[in-house]
1. Considering only C-alpha atoms, what is the centroid distance from region 145-169 to region 33-82, in Å?
2. Report the dimensions of region 90-177 along its three principal axes from the alpha-carbon atoms, largest first, rounded to Å.
3. Per residue of the chain, what 222 nm ellipticity follows from adding -39500 (n - 2.57) for every DSSP H run with n ≥ 4, rounded to the nearest 500?
4. Tell me the label only: which of [x] 7, 17, 13, 10, 7, 6, 6, 5, 5, 5, 5, 4, 4, 3, 2, 0; [y] 8, 34, 38, 17, 3, 0; [z] 8, 28, 24, 15, 11, 8, 4, 1, 0 is P(r) over Cα pairs in 10 Å bins from 0, in percent as calculated from this structure?
5. Can you compute the charge dipole magnitude of region 1-97 about its Cα centre, using +1 on each Lys and Arg Cβ and -1 on each Asp and Glu Cβ, nothing else charged? Give it in debye, rounded to the nearest 20.
6. First compute the accessible area of the chain with a 1.4 Å probe, then give the percent of it belonging to carbon and sulfur atoms.
7. Mind putting a number on the dipole of the chain about its Cα centre? Charges go on the C-beta only, +1 for Lys and Arg and -1 for Asp and Glu, and I need it in Debye to the nearest 20.
Amino acid sequence: MKLENEITVEVLETKENVIKSISSNGFKLLKEYDINDIYLVKKEFENCKNYNELLNNSILIRDISEKPNIRKLITYKQKHIDDNGNILNQINANVEINNIDDAYNMLKLIGYIDLMKISDHISVYQKNNEDELALQFVNNRIYIEIEEKCEHTGKRYESLDDMKSIIKNLNLPIKDENYYAKKAEDILNDKN
């Protein structure tokens, strides 16, 4: 289980222009992979209108495909959000599984119900073996995410402002100037 900070923005620009901006700012493509998530929620939260509470009571069955490697996980996420909707931090816990269908059927047997599915194509970019960002194409939306600790370079950003400055330097239009976009909530909004 890990506790981390990150920023995520929804970008209001075409895929081509986002990639062009990232590249012109010195970022190079490091790797690409896909994540397919099935969100399941406890039946008693079926009609919950508070998306944060709903998602904090959800389990994800996650299929990560980074050719030639494939990982299958059961994932639990919990976001701690302040009164302004900013994500203060997030807890992630993962358990490796062998079979997605078996895990799905087990969770259904113990009372979980389908909430949604999210498909995420991720391109990780790196600049000068230091800065790192993930360009994410999620169910027809475009996001950029920067995590406090860079997975590949090991760099740790000192503050949220340091991470925000990377995004600002890209000069891309950001939805509502929101640095705490919540992808799963956006998909739930699309669904309802």
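1. 24
2. Ordered largest first, region 90-177 gives principal extents of 48, 29, 20 Å.
3. Numbers: 5 runs with 45 residues, N = 192.
Calculated at 222 nm, the ellipticity per residue is -6500 deg cm²/dmol.
4. [y]
5. Working: 14 positive and 16 negative charges, 66 e Å.
With Lys and Arg at +1 and Asp and Glu at -1, about 320 debye.
6. Values: 4770 of 10680 Å².
Carbon and sulfur together cover 45 percent of it.
7. Values: 27 positive and 35 negative charges, 67 e Å.
Approximately 320 debye in magnitude.
The values are calculated or read from the model by the stated rules, or taken from the named source; none is laboratory data. Please read all numbers here as calculations on a predicted model, not as lab measurements. Backbone-built Cβ (ideal geometry, glycine too); neighbour counts: all protein chains shown. SASA here: full protein model, heavy atoms, side chains in, ligands and nucleic acids out. Shrake-Rupley method; radii C 1.70, N 1.55, O 1.52, S 1.80 Å.
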